Each structure stands twice: as structure tokens, then as C-alpha cells.
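What follows is a short report on a single structure.
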Amino acid sequence: MEISIIIMTLNNRDVLRRAIEVLFAQAFPHDQYEIIVVDAYSTDGTAEMVQALDGPVLVRLVMQPGRGRAAARNLGARAARGRILLYLDSDIWSDPGLLAAHHVHYPPGVRRVAVQGVHPFHPDTLVTPYMRTKLISPDLTVRRQRNLSPYHTSGGNFSLLRTDLEDVGGFDEGYTGYGLEDLDLALRIHARGVVIRYEPRAFGYNYQIDTLEGASRKMREMGEGAVYFWRRHRKSVRLGLFLEILPVMLPLKWLVYQTPPIMPLLRWIVPRAEKREWLLVLNECYKNLLQEAYYDGVFRALRAPRHTVQKAACREQAGAPPSNWQG
């Protein structure tokens, strides 16, 4: 078994079905990859749908209560049999060449390599003003193909060798909300000498129609995770700047995002601008409202006890893995 594809899901049955069906059509030997679905006890019939699938590739279902994305990623890895672990989000509809594009970077005997694929939004998802604003701000990030910065990684379409995941003890399960567990892993494997490669041919469309409300909930969780992340990495100045949570920055962030009148004004503007399709105005409103949600999470986490971070730091100093990797 060369590749184990690990997909986390929760109440995304129909989109997940399509994601698995296109994986059945990969231009890669069907006996050389498997699909593992980690379901956080969906209530929309996801488990029944997965169990009923009849395709040319082995699909296995693993159930886990909602302990967070990092715990789900680790559970999928423990269940996997492949030499290579490929993490795909449940809304990624893969191009037929996605597996082969990842696999070419892992010849026999290779060590300390990881691969980042791409997953832009599917054109059919751009059906609301919120989704259409995704096209307004161009992605100007410069990505080095042979040595990608860990800061440019995303777990939605990302592969690495099983041995390299095991070497760092898996994903840190201190991340219980949305996001940053993938960046944390990228930083840790990079520190161990893993070279991350950017592979545009490992392509899949992201079929997710998000809403401002849903995105705000994710950003609030990410804000909480950002504080854990920063403390976990010994309050690195570079990380603090990247996450925009250095103490010197926070008074201004509080003034802008946590006090009147700016945010109430933007909330008043949004429905009026949506009615008129003023996408440029909406883009600025949405970005700032999402930042408001992010700093809701940041300031909430800053007021919370630090015992989870201290516990993780003690484990690291003792040479133990940062997560419950062994289950």
C-alpha cells in the first residue's frame, strides 16, 4: 500500500460522496491506495453512505467523537496502512492526476519530504455575494516549488511520509478547534529537516459554499488556537507577527475590533451592500468582520488558564510526543 488518503468529515455527506467518487477515478493503481474517512458522528447519513459505497478502491470508515481536527488526523493516520499519508478535506474534488502528482515526489528510499497541493474554490461555489468576494483579492503569495515555506502550507491537500509524522509524534491534539494544527505540524517537521515541496499538478477543487456566519465561527476558533500556538512555540516574535497577536499590537486590535462604532457600522452596511452586489465594499466589510471574530477568540483565549500549554511544554521538554499519538 503506497498511499493512505485520510479525509475528516462532519455532516457533509453529498459533497463527500462526490469527493470519494472522483478518487475512485484516479490515474493511479487502485490496489496501491486506500481511503480512510474519519467521521465525527455525522447526523446526515454520512456513515451509511460511506459503508454503502462500492468502488474499485478500499474505503474504510473510522468513527470518532468531535475531539478536534488534530485528533481526527491522528486517528486516521493510526488506521492507515500506506507509506505515504495524504490529507484531503471532505470537500476537495480531486483532479484525476492528483495522486500521481503527489506520488512522484516519493521514490523508494526517499526521506524527509512533504508535498503541498492546491485546492482553489470550484466555480460552482461562487453563488453568493460572500463567495464571489473570494475572487476579488488576488493571491500574491510567492511559493517556492522545491522548498516551500511551512507558513504557506494547508492541510486540505497535503502529504507526507508516515515515518516523518511519527517522528514528531503526530498532530498536536491541543488544537481542538478549527485551523492551525496543520501549520503547527509543518513547522515541526520542517525543524526536523523535512523539505516541503509545492506541487501545482496535485490539483483539486474546493467545493465548499461557506457563509459569513460559518466563516466567523471558524475564525473565532482559530483565534483561540492562535494563542495556544504562540504560547506553544515559546512566544516567538515571528509567529506573533504572523498571527498578529504580539502584545504590542493588541491594544489597537481591541480598539478596532472590540469597541464601537466600527463593527456595528459594518454590520449595518453588509445587507444593504449585498442587496446591491457592491462586491468591493462587501469584501472590506467581510474581511473586517472575520477579523472581529478572530480577535473575539484571541481575547477569550488570553483570559483562559494556560495549563494545557504548560502541560504540552513539559511533555516536549521530557522528550515525549506533543499529542496523544498512540491513542
**Message:** How high is the relative contact order of the chain? Use alpha-carbon pairs under 8 Å, at least six apart in sequence, and give a whole percent.
**Reply:** 20
**Message:** Among GLN145, ALA202, HIS30, which residue has its Cα furthest toward the positive end of the charge dipole of region 3-206, with +1 on Lys/Arg Cβ and -1 on Asp/Glu Cβ?
**Reply:** GLN145
**Request:** Please give the residues of region 85-112, grouped as numeric ranges, whose backbone N is less than 20 Å from a label point set 7 Å along the Cα-to-Cβ vector of PHE24.
**Result:** 88-100
**Request:** Indicate the gyration tensor shape class of region 176-221 (rounded, prolate or oblate), computed on the Cα atoms with a ≥ b ≥ c the square roots of the eigenvalues: a/c under 1.5 is rounded; otherwise a/b larger than b/c is prolate and the rest oblate.
**Result:** oblate
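Distances longer than 27 Å among the Cα atoms of the chain: what percent of all pairs is that?
For the chain, the fraction of Cα-Cα distances above 27 Å is 47 percent.
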**Fill in**
Treating only Lys and Arg (+1) and Asp and Glu (-1) as charged, each at its beta carbon, one finds that the chain has a dipole about its Cα centre, in Debye to the nearest 20, of 1220
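Quick one: length gained pulling ASN11 to LEU241 fully straight, 0.36 nm per residue minus the C-alpha distance?
79.3 nm
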**Item:** Euclidean distance of C-alpha centroids, region 1-29 and region 56-108, integer Å
**Value:** 8
**Non-local Lys pairs in region 212-310, i.e. 8 or more apart or on different chains, that have alpha carbons under 24 Å apart** = 6
**³J(HN,Hα) computed for each position of region 23-30 - Karplus, 6.51 cos²θ - 1.76 cosθ + 1.60, integer Hz, glycine/proline x** = 5, 4, 9, 5, 7, 7, x, 5
**Asked** How long, wide and thick is region 212-310, going by the Cα atoms along their three principal axes, in whole angstroms, largest first?
**Response** 50, 25, 22
**Request:** Let me have the 222 nm mean residue ellipticity of the chain computed from DSSP H runs of 4+ only, each contributing -39500 (n - 2.57), with the sum over all residues rounded to the nearest 500.
**Result:** -13000 deg cm²/dmol
**Asked** Separation between the ASN288 and TRP268 pseudo-spin-labels, each 7 Å from Cα along Cα→Cβ, expressed in nm?
**Response** 1.2
**Complete:** In Å, the C-alpha Rg and Dmax of region 21-173 are 16.6, 49
**Asked** Among ASP164, ASP31, ASP182, whose mean-square fluctuation peaks in a Gaussian network model of the chain (Cα, cutoff 10 Å)?
**Response** ASP31
**Unit charges on C-beta of K, R, D, E only; dipole of region 88-176, Debye** = 440
**Prompt:** Taking 0.36 nm per intervening residue step and subtracting the Cα-Cα distance, what contour gain separates VAL110 from THR128 on full extension?
**Reply:** 2.0 nm
**Item:** For region 123-278, fraction of C-alpha pairs farther apart than 21 Å, in %
**Value:** 60
**Message:** Looking at the chain only, what percent of DSSP beta bridges run antiparallel? Nearest 5 please.
**Reply:** 30
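Computed from the coordinates by the stated procedures, all read-outs in this text should not be read as laboratory data. It should be emphasised that the depicted structure is a prediction, and the values quoted were computed from it without experimental measurement. Neighbour counts run over all protein chains shown; Cβ positions are idealised from the backbone, glycine included.
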